[in-house]
Amino acid sequence: MPIARIFGRYPDRDTLVSALARRYTPAMRVGARFALVLMFSLSGVAQTVPAGWNVVKDAKGFCQIAVPAEWVPFGENNGAAMLHDSTTAIAVVTSQPGQDFKPLSPALVKSIGIAREKLFENTAARLFYQDRTSRNPEDTSAFSSSIPAKNGMCSCHVVMLPSVPDDVAKKIALSLAVVPQT
């Protein structure tokens, strides 16, 4: 619809700007800010463990991931689980006490070689990206995620053959959480 029809005449620049500026009230701006804060804060909340999945904790017991029921521990209390054997799929969770968590800078993303479409989240709440893509049935794909933790950070790395669906690997990587204090 032409602007002239909206205003009933051809508006001058000031009329158009003031009419457009009035589209949002102060209450609407506060509501929009609240929604953004809520959306970003929810991304940092610990993920729930899907039904039937098992929790794997890192060796220090600070960080955890969830893996499907058919995955088995890779050893005793070492923070890893595998599917069938470690060459099919493996997921590892680690804690890094004393290491500061921060989003990757654009220069670091470029130097690491993470493609823009493979960097799923790079915020103060989570880093999540695909760092390797399978090119053939014998080649593996890999996903990594990190989150801030008390006095450090938690990290997860999932490596799998193409026979394991990407959405399972992503779900594992996104289940990364700080172990709840009891």
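Worth a mention:
- Peptide ranges 147-157, 49-59 listed from the most packed, as the mean C-beta count within 10 angstrom indicates: 147-157, 49-59
- Separation in nanometres of the label points that stand 7 Å from Cα toward Cβ, at Glu138 and Phe74: 2.2
- Sparsely packed trypsin sites (Lys or Arg not before Pro) within segment 104-140, loop by DSSP, other Cβ within 10 Å at most 12: Arg135
- The GluC sites (Glu not before Pro) of segment 69-139 meeting both criteria, a DSSP state outside H, G, I, E and B (loop) and at most 15 other C-beta atoms within 10 angstrom of the site's C-beta, are Glu70, Glu76, Glu138.
Bear in mind these aren't lab numbers, they're just calculated from the coordinates by the rules spelled out. Quick caveat, the model's predicted, so the values are computed rather than measured. Here Cβ is always computed from backbone atoms with ideal geometry, including for glycine, and neighbour counts include all displayed protein chains.
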